[in-house]
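Quick one: the structure is below, and I'll ask about it shortly.
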Amino acid sequence: MSYDAAADRLRPGTVFSLGVSVGLVIGIAVGSVVAMRVGSDAVDAMRGLVDRMSGRGNQVNFELLLQ
């Protein structure tokens, strides 16, 4: 295979698309592994923090109002 044939086959758009697709697959895989390792305890803690900050407990969070 000559250099010209390889250069025609790997245009910049093709290389970009290949990089995006490989990055997407690796990102989903790494995100899934991290989510499994962290577990539901961290998700529950984060949900509680969001509920506390948003005041969903049907009470006014005066600490946030004083800022």
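Each value in this text was obtained by applying a stated rule to the coordinates, not by laboratory testing. Predicted model only: the values in this text are computed from it and were never measured. Backbone-built Cβ (ideal geometry, glycine too); neighbour counts: all protein chains shown.
Once you put a point 7 Å from the Cα of Asp44 and another 7 Å from the Cα of Phe16, both along the Cβ direction, what distance in nm separates them?
4.6 nm
Let me ask another. Determine the gain in length on full extension of the stretch Val30-Asp51; use 0.36 nm per residue of separation and subtract their C-alpha separation, reporting nm with one decimal. Intermediate results must be reported in sequence, preceding the final value.
Values: separation 21, 0.36 × 21 = 7.56 nm, distance 2.76 nm.
Answer, rounded to one decimal: 4.8 nm.
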